[in-house]
Amino acid sequence: MSFQTIESPFTETEIEIEAERLLSRLMHVECDSRRTWNIDECRKIAPLTLEINQLKKDKGAVILAHSYVEPEIIYGVADHMGDSYSLSLKAKQANAEKIVFAGVVFMAETAKILSPDAEVLAPDRNSGCSLADSLSGQQLRELKASYPDAGVVCYINSTAEVKAECDVCVTSSNVYKIVAAMPQKQILFVPDRLMADNIRVEMKKLGIDKEIVSSDGTCIVHDQFDPNLIAESREKFPGLKVVSHPECTMDITGLSDYVGSTGGMMQYVKQTEAPYFMMLTECGLVERIEVESPDKRFISGCKLCPFMKMNSLEKIRESLIAPRPDQVIELEEGLRLRALGAIERMFEMA
Ligand code: 13P
Ligand code: SF4
């Protein structure tokens, strides 16, 4: 049987070896009910992953992929995968001519803030984020005028314009540590209202006196989980460990065994012995653990982020060959430098 297309520059043997490589990782993905990974599916994408990996070499590019993007991107072409904090560090250290950010646009913007000399590419410019898109720089300036004494902290899920207005930026992996260390008692934390609730609870637990005010954004993935599901699932699956992200409601985080960033959740599951886990986060993270720790068992609960899922191998290929203007991230230099100040302060405080 021949599966090599006329246009493919790769031999059947090269494609077969690549398909086997892909299958060895993707065969463990069970959570994704949209697609079953078998050798035929892997043969279909192998010419594309081979081409993208060659393009990366030819063009001096690195591909950074958030854990929530499709597994064929993570295991097919990504150089680094992880949560927003670890990928920001990778962007800072990248020293590459081009950075393709398979994630959402605010993440690609963060990479551009940190690596201004690289051409930073967002495979799909429509891959927004309900949090980042909930607050503009102008709206934040108005809020700041209402809280003139507050320390201004922005979650990394925000636009460059918003970051440029903040004292410090945080990610879910360092938010509590940084808020606790802020000199001001009053903290204006934007744009995630639910994370602000979780910060209040955490500061109280730590005995730290802070007044947290926020704007009104939420993550359309993490604000969806139903606390009743936790109680029902614990009854059905004794020994179940529930893991959630601090973008979830306090009802969910309060009932969870572990709350943390995507990186933190992954580490917790890998290091914890339990018969079952329920991940109240984006399904991409479950898929990553299925591939990297195939002995772990999950019960359903995760949800899909429509923005992360806009990334595809085809769009990555297209952006590497001849990016459309909308795929290239450009930032005005003054704005970039102000946003950089908030991110660098995070690296110092984290
Ligand atoms: P992390 O900081 O945990 O990577 O989260 C980013 C995100 O968008 C979660 O929804
Ligand atoms: Fe934004 Fe939520 Fe998607 Fe993360 S999961 S990118 S916070 S919409």
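The values are calculated or read from the model by the stated rules, or taken from the named source; none is laboratory data. Quantities reported herein were computed from a predicted structural model and do not represent experimental measurements. So basically every Cβ, Gly included, is an ideal-geometry build from the backbone, and we count neighbours across all protein chains shown. The protein model used for the area step is the full one, side chains on, heavy atoms only, and it has no ligands, DNA or RNA in it. Shrake-Rupley method; radii C 1.70, N 1.55, O 1.52, S 1.80 Å.
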Roughly how many debye, to the nearest 20, is the charge dipole of the chain about its Cα centre, given +1 on each Lys and Arg Cβ, -1 on each Asp and Glu Cβ, and no other charges?
-> 660
Scanning the chain, every Cys lacking a C-beta partner under 4.7 angstrom -> 31, 42, 129, 169, 219, 248, 305
For a label point 7 Å from the Cα of residue 328 along Cα→C-beta, name the residues of the stretch 29-67 whose backbone N is under 17 Å from it.
-> 59-62
In the chain, with Lys and Arg counted as +1 and Asp and Glu as -1 at Cβ, which of these residues, 27, 225, 67, has the Cα nearest the positive end of the dipole, that is, farthest along it?
-> 225
The stretch 290-347: GluC sites (Glu not before Pro) in DSSP loop, at most 11 other beta carbons within 10 Å = 330, 332
Any idea what the relative contact order of the chain is, in percent, if you count C-alpha pairs under 8 Å spaced at least 6 apart?
-> 21
How much mean residue ellipticity at 222 nm does the chain get from its helices, if each DSSP H run of length 4 or more adds -39500 (n - 2.57) and you divide by all residues, to the nearest 500 deg cm²/dmol?
-> -13500 deg cm²/dmol
Which pairs break 24 Å Cα to Cα here: 90/315; 185/241; 270/315; 144/303; 177/210?
-> 185/241; 270/315; 144/303
Dipole axis of the chain (+1 Lys, Arg; -1 Asp, Glu on Cβ), positive-most option in 203, 42, 143 = 203
Just in the stretch 246-350: which trypsin sites (Lys or Arg not before Pro) are loop by DSSP and have at most 15 other Cβ atoms within 10 Å?
-> 297
How far is helix 227-236 tilted, in degrees, relative to the longest principal axis of the Cα atoms in the chain, given as a value from 0 to 90 rounded to the nearest 10?
-> 60
Looking at the square roots a ≥ b ≥ c of the eigenvalues of the Cα gyration tensor of the stretch 40-85, which shape do they give, rounded for a/c under 1.5, prolate if a/b is larger than b/c, or oblate?
-> oblate
Could you order 201, 328 by accessible surface area, starting with the largest, using a probe radius of 1.4 Å?
-> 201, 328
For the stretch 192-288, rounded, prolate or oblate, judged on the Cα gyration tensor with a ≥ b ≥ c (square roots of eigenvalues), a/c < 1.5 rounded, else prolate if a/b > b/c?
-> prolate
Could you work out Rg/(2.2 N^0.38 Å) for the stretch 17-115, with Rg from alpha carbons only?
-> 1.12
Mean Cβ count within 10 Å, highest first, over the residues of peptides 204-214, 161-171 | 161-171, 204-214
With everything on Cα atoms, drop me the angle between helix 193-206 and the longest principal axis of the chain, reported from 0 to 90° to the nearest 10.
-> 60
Kindly report, to the nearest 10 Å², the accessible surface of residue 216 as traced by a 1.4 Å probe over protein heavy atoms only.
-> 110
Fraction of antiparallel bridges per DSSP, the chain only, in percent to nearest 5 = 5
Please give the helix 333-349 orientation as an angle from the longest Cα principal axis of the chain, in degrees from 0 to 90, rounded to the nearest 10.
-> 80
Could you name the lysines whose alpha carbon sits less than 20 Å from that of residue 92, not counting residues in the same chain fewer than 8 places away?
-> 56, 57, 59, 112, 163
What is the packing order of peptides 85-96, 238-249, taking the mean over residues of other C-beta atoms within 10 Å and listing the highest first?
-> 238-249, 85-96
With each label point set 7 Å from Cα along the Cα-Cβ vector, what nm distance links residue 40 and residue 235?
-> 4.3
Cα gyration tensor category, rounded, prolate or oblate, for the stretch 248-350 with a/c compared to 1.5 | oblate
Percent of all Cα-Cα pairs per 20 Å bin for the chain, counting from 0 up to the last occupied bin, reads 30, 56, 14, 0
For the stretch 213-350, with all protein chains present and a 1.4 Å probe, just round the carbon and sulfur fraction of the accessible area to a whole percent.
-> 50
